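The values are calculated or read from the model by the stated rules, or taken from the named source; none is laboratory data. Nothing here was measured: the structure is a model prediction, and the numbers come from that model. Don't worry about glycine lacking a Cβ; one is built from the backbone with ideal geometry, like all the others, and counts go over all protein chains shown. Each accessible area value is taken on the protein alone, full model and side chains, heavy atoms only, with ligands, DNA and RNA left out. Shrake-Rupley method; radii C 1.70, N 1.55, O 1.52, S 1.80 Å.
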Amino acid sequence: MDVTVIDRSLTRLLQQRRLFLTRERSDAAEIVYVCVDDGLPGGYPVGYVIPSRAGTWFAYARARPGRVFANDQVDAGLLSVEEAVRAVLDHARYGDVLFALEQRAGSDATYTAEVHRAHATWLAALAEPEGITHLGNGRVRFTGPAVAYLRGLPERLGCHVDDEDRIRLAGDAYPLIRETPHTTAPDPGRAVSAEP
């Protein structure tokens, strides 16, 4: 199987999520890894798929953040490598990796979103990621690393940044607006930090 021959929508989805596929062959099996593009040649693996003897595929993903190179089986009996890779994408949690990469890059980008007030309060109370500030009246500010973290969460969790730069919360989608340096001044008396 050539990992470069997968459907275009999956290729685009991998690129949008800052992921790529690599393949490793041995006498026993062929493994296709799903990796974060961390700037290193092999990337940071967040999941893999392997074929079964019956011709179907197993999918494994880094479903518990903070565990280095530890993957859980998330699906089995899948009919194609594309289906197996999509199962990895549905479960892989790598926001902590993207957060660290964004911090290392020294990005000072910030974003705002106008969300439902209950969502704003909930976001501000999150222990992870750092960098979410409730500005009042449903307005929330996110640092670049916080957005990166949320981008690395699977859709099924109900809170993530999608491929169209929208924060999705409990089925609702809110556009993220990138701030310019002159729009990031704090709003005196209204800011409530998400940090403990």
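Quick look at the numbers
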{"read-out": "Table column - 3J(HN,Hα) (Hz), the stretch 32-42, Karplus curve with 6.51, -1.76, 1.60, x for Gly and Pro", "value": "10, 9, 9, 10, 7, 6, 9, x, 8, x, x"}
{"read-out": "Solvent-accessible area per residue for the chain (1.4 angstrom probe, square angstrom)", "value": "54 Å²"}
{"read-out": "Pairwise label distance in nanometres, Q16 with R156, each label 7 Å out on the Cα-Cβ vector", "value": "1.9 nm"}
{"read-out": "For D38, distant residues with modelled amide H under 5 Å away", "value": "G43, Y44"}
{"read-out": "Other-chain or far-sequence residues with amide H under 5 Å of L126's (modelled H)", "value": "none"}
{"read-out": "Computed P(r) (all Cα pairs; the chain; 5 Å bins; percent)", "value": "1, 8, 15, 19, 17, 13, 10, 7, 5, 3, 1, 1, 0"}
{"read-out": "Ellipsoid equivalent to the stretch 96-180 - semi-axes via the Cα gyration tensor, in Å", "value": "18, 15, 12"}
{"read-out": "Restricting the stretch 1-90 to chymotrypsin sites (Phe, Trp or Tyr not before Pro) in coil, as DSSP defines it, with at most 12 other Cβ within 10 Å", "value": "F69"}
{"read-out": "The chain, accessible surface, carbon-and-sulfur percent (1.4 angstrom probe)", "value": "51 percent"}
{"read-out": "MRE, 222 nm, helices only [DSSP H, n ≥ 4, -39500 (n - 2.57), over the chain, to nearest 500]", "value": "-7000 deg cm²/dmol"}
